[in-house]
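What follows is a single structure, written as structure tokens, with notes after it.
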Protein chains: 2
Amino acid sequence: MEPIEGRRREILRIVIDDYIATAEPIGSDAVRERHGLNVSSATVRNEMAALEEMGFLNQPHTSAGRVPTDRGYRVYVDSLVTEEPLSRVEQTRLRETLFTRDKPQGAIAHVAHALAAGTDYASVVEAPHLQDQVIRHLHLIPLTPHRALIVVVTDAGVFEGKTVELGAPTAPEECDRLSQEISRRIAGWRLGDLTVRAMDQVIGEASLYRQVVTEVGRLVGDQITASWSRIHTDGQANILRQPEFRDARRAEPVLSALERHEVVAELLHDGGTAPIRITIGAEHRREEVRDCSVVAATYYVGGRPAGELAIVGPTRMRYGRAISLVRFLADTLGEALGRV
Amino acid sequence: MEPIEGRRREILRIVIDDYIATAEPIGSDAVRERHGLNVSSATVRNEMAALEEMGFLNQPHTSAGRVPTDRGYRVYVDSLVTEEPLSRVEQTRLRETLFTRDKPQGAIAHVAHALAAGTDYASVVEAPHLQDQVIRHLHLIPLTPHRALIVVVTDAGVFEGKTVELGAPTAPEECDRLSQEISRRIAGWRLGDLTVRAMDQVIGEASLYRQVVTEVGRLVGDQITASWSRIHTDGQANILRQPEFRDARRAEPVLSALERHEVVAELLHDGGTAPIRITIGAEHRREEVRDCSVVAATYYVGGRPAGELAIVGPTRMRYGRAISLVRFLADTLGEALGRV
DNA sequence: GTTTAGCACTCTGAAGCGGTGAGTGCTAAT
DNA sequence: ATTAGCACTCACCGCTTCAGAGTGCTAAAC
């Protein structure tokens with residue numbers, strides 16, 4: 001595909017910019033008037049016809065203006081869009097609210113809210129992956145003499161896990177002793193390495209240790225597959241405010257998808273490993289979100305990828321704004337979580 | 001207001017039942033045909049005119065059938081509706097999934113899902129109130145030498161709270177000792193009674209205790225006001241499937257309200273103290289949900305009210321079904337949480 | 001060769017207009 | 001009190017008309 005350049009490129013940018021702003025097809029006259037293009041509308045028309053030929057624009061019907069295609073948006077985000085950097089005050093405001101939360105849960109929810117409120121689209125934030133995190137302590141919290149709750153403290157936060165059945169009645173003091181003992185042995189491990197097989201070497205036959213460790217392993221495994229508790233969504237109602245979703249039957253599949261966390265996980269992880277990943281309309285594997293674009297990023301805690309966050313909106317999205325916000329919040333969230 | 005009786009009452013029930021089922025205005029003929037009424041349509045018309053006069057029915061326009069008013073729905077839920085009890089298999093299926101979760105969080109999410117999936121409406125579930133719960137243990141989980149996380153185990157679950165700054169560097173063993181000590185003194189208290197004032201009598205001047213207790217008190221206070229972490233919503237997309245919300249602009253205020261947890265809290269707590277509370281359309285204080293009805297219930301843990309759950313749908317709601325499901329899940333959730 | 005003025009053309013969307021049918025209220029007979 | 005009969009009302013559907021927006025094409029201009 002030959003690169004688009006010069007005036008033609010400029011016109012494509014203008015059409016998409018304006019369409020994003022107005023949600024109405026853009027005519028040749030509008031392009032000429034609204035920006036100081038020193039050419040006639042006929043010239044613009046020729047260029048637009050060419051751009052349509054190339055598959056970047058589309059006419060809803062013969063006598064309407066042009067609308068970007070998914071491929072048009074693709075070149076737009078790849079080479080035309082100008083980021084809209086966050087203002088100083090916005091940055092500090094976001095930073096402050098984020099750094100005053102102490103539970104990771106709170107930070108996650110707050111980032112989701114900030115993404116949604118800052119863009120008028122929906123947002124999705126995934127809590128830190130467990131398997132890559134490094135264990136600091138493990139605590140057994142006695143619930144009854146026969147059951148205890150496992151709490152794991154890692155470098156990226158605190159996670160309560162399953163309850164574990166204790167073979168014999170165990171006093172709280174004994175739980176503490178056990179916790180210390182287990183912590184001492186597994187501190188520094190990656191959670192993902194905490195398998196029964198690996199444990200055998202360190203712990204041997206001590207049956208209670210084994211049981212606790214098995215439960216933690218299961219916790220990690222569960223969180224990877226059944227991610228319900230790890231995904232936080234916000235701003236779904238924003239979708240309904242977009243003119244392309246005026247009809248609830250268009251919006252319904254999208255909102256349904258956002259409620260199904262396995263679908264959301266797919267949205268978050270599609271699209272490679274770039275720092276900012278953008279998936280546009282028909283590029284999605286999921287039918288339900290073919291009218292949507294997703295701007296996603298990975299956030300890092302302690303230098304390791306910890307989780308994903310994204311904005312979900314119509315393909316007619318303010319990409320410049322979305323990219324800036326996603327990038328900033330990914331950075332800030334990682335930073336905030338890193339300080340335990 | 002005189003009570004409605006006999007045939008007239010029956011006709012009101014039929015109109016509302018049918019309207020709930022079809023979402024279309026109900027004509028006199030439909031009423032006669034679809035149910036074995038042994039009267040002519042003219043008679044039905046007279047009755048329906050009377051019911052309109054009384055304010056229970058309404059005509060969208062002169063030549064249409066009748067539609068229930070909010071007041072009509074009110075008498076319907078108060079005296080006409082027949083509950084639709086859950087089938088045996090449904091009961092056991094719900095019970096099983098609910099009793100195999102061990103974290104209260106999981107149970108809450110699952111109840112929300114069951115309410116939504118079982119009705120095609122939206123659902124809201126509030127996690128157990130903190131202030132009424134009885135403390136079993138309190139644990140300090142060391143994060144760094146200077147900070148610890150407070151975890152409280154009560155009779156209705158486990159709650160991780162704020163982190164607390166430890167005045168002096170404190171070893172894990174010391175944290176355990178402290179936890180034991182504090183737990184011993186405050187076990188059996190209501191969380192709501194855990195104020196600094198009350199503590200002074202028991203603990204006196206020991207400054208670290210005080211600090212921990214203050215943080216727990218603040219946690220309880222925060223959870224009461226800032227309830228974001230306590231409310232779980234599901235099935236919002238179901239709302240979009242209802243014909244009355246075909247237009248996204250109608251649905252938007254509702255979904256926005258469901259995303260704002262302070263509004264949801266209001267929905268849950270309005271309407272008195274009955275075991276099942278139903279609020280219909282214009283009865284709501286909130287403008288945004290004037291097209292909706294809410295069927296809410298309180299669930300009890302250990303005999304004390306612990307939290308609320310509700311179904312949110314159009315005023316044209318299958319009340320019989322909603323009531324049964326809400327009641328059953330309130331009971332079951334309370335039971336499940338009660339077993340720690 | 002590119003640009004542009006001019007113009008015919010196409011298509012949407014709004015407005016206007018009977019016809020149809022559902023459902024009503026009223027009246028008079030039962 | 002009920003009901004048959006009937007005139008009436010009004011949303012809805014399909015049809016036509018009309019204006020306006022925006023186009024593509026052609027031929028002239030730069």
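The values are calculated or read from the model by the stated rules, or taken from the named source; none is laboratory data. Bear in mind the structure is a predicted one, so any value in this text is a computation, not a measurement. Cβ placement follows ideal geometry from the backbone for every residue including glycine, while neighbour counts extend to all protein chains displayed.
Of the residues in the stretch B:136-149, how many are more than 7 Å from chain A (Cβ to nearest Cβ) and either buried (at least 22 other Cβ atoms within 10 Å of the Cβ) or under 24 Å from the mean Cα position of the chain (by Cα) (or both)? Talk me through it step by step, then tell me what you get.
First, pick out the residues of the stretch B:136-149 that are more than 7 Å from chain A (Cβ to nearest Cβ): B:136, B:138, B:140, B:145-148.
After this cut, where a residue has to be either buried (at least 22 other Cβ atoms within 10 Å of the Cβ) or under 24 Å from the mean Cα position of the chain (by Cα) (or both) as well, the list is B:138, B:140, B:148.
Qualifying residue count, the stretch B:136-149: 3.
Has the stretch A:22-29 got any residue that is within 16 Å of DNA strand C (Cβ to nearest atom), more than 14 Å from chain B (Cβ to nearest Cβ) and more than 27 Å from A:Arg290 (Cβ to Cβ)?
yes
Here's the yes/no breakdown for (1) surrounded by 22 or more Cβ atoms within 10 Å (Cβ to Cβ); (2) β-branched (Val, Ile, Thr); (3) within 16 Å of DNA strand D (Cβ to nearest atom):
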residue: B:Thr62; (1), (2), (3): no, yes, yes
residue: B:Asp70; (1), (2), (3): no, no, no
residue: B:Thr82; (1), (2), (3): no, yes, no
residue: B:Arg95; (1), (2), (3): no, no, no
residue: B:Thr100; (1), (2), (3): no, yes, no
residue: B:Val111; (1), (2), (3): yes, yes, no
residue: B:Leu115; (1), (2), (3): yes, no, no
residue: B:Asp120; (1), (2), (3): no, no, no
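Among the residues of the stretch B:236-248, write down those that are facing another protein chain (nearest Cβ under 7 Å) and either not aromatic (Phe, Trp, Tyr) or not in a helix (DSSP H, G or I) (or both). Break it down into steps so the answer makes sense when it comes.
Looking only at the stretch B:236-248, we keep the residues that are facing another protein chain (nearest Cβ under 7 Å), and these are B:236-237, B:240-241, B:245-248.
Correct list: B:Gln236, B:Ala237, B:Leu240, B:Arg241, B:Arg246, B:Asp247, B:Ala248.
I'd like the full set of residues that are of a type in the set (Gly, Ala, Ser) and outside any helix (DSSP H, G or I), limited to the stretch A:257-275.
Initially, the stretch A:257-275 is screened for residues of a type in the set (Gly, Ala, Ser), giving A:257, A:265, A:271-272, A:274.
Answer for the stretch A:257-275, where residues must be of a type in the set (Gly, Ala, Ser) and outside any helix (DSSP H, G or I): A:Gly271, A:Gly272, A:Ala274.
Scan the stretch B:36-60 for residues that are surrounded by fewer than 20 Cβ atoms within 10 Å (Cβ to Cβ) and more than 14 Å from DNA strand D (Cβ to nearest atom) and report the count. Break it down stepwise before answering.
Applying the first criterion (surrounded by fewer than 20 Cβ atoms within 10 Å (Cβ to Cβ)) to the stretch B:36-60 yields B:36-43, B:45-46, B:49-50, B:52-55, B:58-60.
Of the ones still in play, those that are also more than 14 Å from DNA strand D (Cβ to nearest atom) are B:52-55.
Adding up the residues that qualify gives 4.
Going by the conditions given, is B:Tyr76 over 19 Å from the mean Cα position of the chain (by Cα) and either away from DNA strand D (no atom under 16 Å from the Cβ) or surrounded by 22 or more Cβ atoms within 10 Å (Cβ to Cβ) (or both)? I'd like the intermediate steps shown before the answer.
Values: over 19 Å from the mean Cα position of the chain (by Cα): yes; either away from DNA strand D (no atom under 16 Å from the Cβ) or surrounded by 22 or more Cβ atoms within 10 Å (Cβ to Cβ) (or both): yes.
Answer is yes for this residue.
Looking at the stretch B:50-72, can you tell me whether even one residue there is within 14 Å of another protein chain (Cβ to nearest Cβ), over 27 Å from B:Ala237 (Cβ atoms) and either more than 19 Å from the chain's Cα centre (by Cα) or within 16 Å of DNA strand C (Cβ to nearest atom) (or both)? Explain how you work it out, then say what you get.
Just the residues of the stretch B:50-72 that are within 14 Å of another protein chain (Cβ to nearest Cβ), to begin with: none.
No; the residues of the stretch B:50-72 include none that is within 14 Å of another protein chain (Cβ to nearest Cβ), over 27 Å from B:Ala237 (Cβ atoms) and either more than 19 Å from the chain's Cα centre (by Cα) or within 16 Å of DNA strand C (Cβ to nearest atom) (or both).
Do any residues in the stretch A:329-340 that are within 14 Å of chain B (Cβ to nearest Cβ) have Cβ atoms under 8 Å from those of residues that are in a helix (DSSP H, G or I), where the two are at least six apart or on different chains, and which pairs are they?
That search, which allows pairs on different chains as well, returns A:Ala336/A:Leu98; A:Ala336/A:Phe99; A:Ala336/A:Ala107; A:Leu337/A:Pro104; A:Leu337/A:Ala107; A:Arg339/A:Phe99.
Report yes if some residue within the stretch B:296-307 is in a strand (DSSP E or B), touching a helix residue (DSSP H, G or I) at 6+ places or on another chain (Cβ under 8 Å), within 14 Å of chain A (Cβ to nearest Cβ) and touching a residue at least 24 places away in the same chain (Cβ under 8 Å); otherwise report no.
No, there is no match, as no residue in the stretch B:296-307 is in a strand (DSSP E or B), touching a helix residue (DSSP H, G or I) at 6+ places or on another chain (Cβ under 8 Å), within 14 Å of chain A (Cβ to nearest Cβ) and touching a residue at least 24 places away in the same chain (Cβ under 8 Å).
Filter the stretch A:1-35 down to residues that are outside any helix (DSSP H, G or I) and either away from DNA strand D (no atom under 15 Å from the Cβ) or closer than 21 Å to A:Thr62 by Cβ (or both), then give me how many there are. So that I can check it myself, show each step before the final result.
Here is the first cut: in the stretch A:1-35, the ones outside any helix (DSSP H, G or I) are A:1-5, A:23-27, A:35.
Checking which are either away from DNA strand D (no atom under 15 Å from the Cβ) or closer than 21 Å to A:Thr62 by Cβ (or both) leaves us with A:1-5, A:23-27.
Looking only at that region, the number is 10.
Among the candidates B:Glu2, B:Glu10, which residue alone is at pLDDT 90 or above, more than 9 Å from DNA strand C (Cβ to nearest atom) and surrounded by fewer than 17 Cβ atoms within 10 Å (Cβ to Cβ)? Lay out the reasoning, then the answer.
Details: B:Glu2 fails: at pLDDT 90 or above.
Result: B:Glu10 is the single residue among B:Glu2, B:Glu10 that is at pLDDT 90 or above, more than 9 Å from DNA strand C (Cβ to nearest atom) and surrounded by fewer than 17 Cβ atoms within 10 Å (Cβ to Cβ).
Only residues that are more than 7 Å from every other protein chain (Cβ to nearest Cβ), without any contact (Cβ under 8 Å) to a residue 24 or more places away in the chain and closer than 15 Å to A:Arg316 by Cα: list them for the stretch A:249-282, please.
Hit for the stretch A:249-282 is A:Thr279, nothing else.
Criterion first (buried (at least 21 other Cβ atoms within 10 Å of the Cβ), of a type in the set (D, E, K, R) and under 18 Å from A:Glu244 (Cα atoms)) does A:Arg316 satisfy it?
Working: buried (at least 21 other Cβ atoms within 10 Å of the Cβ): yes; of a type in the set (D, E, K, R): yes; under 18 Å from A:Glu244 (Cα atoms): yes.
So A:Arg316 fits the description; yes.
Can we say A:Asp132 is surrounded by 15 or more Cβ atoms within 10 Å (Cβ to Cβ), away from DNA strand C (no atom under 16 Å from the Cβ) and modelled with pLDDT under 90? Please lay out each step first, then the result.
Values: surrounded by 15 or more Cβ atoms within 10 Å (Cβ to Cβ): yes; away from DNA strand C (no atom under 16 Å from the Cβ): yes; modelled with pLDDT under 90: yes.
When the stated conditions are applied, A:Asp132 passes them.
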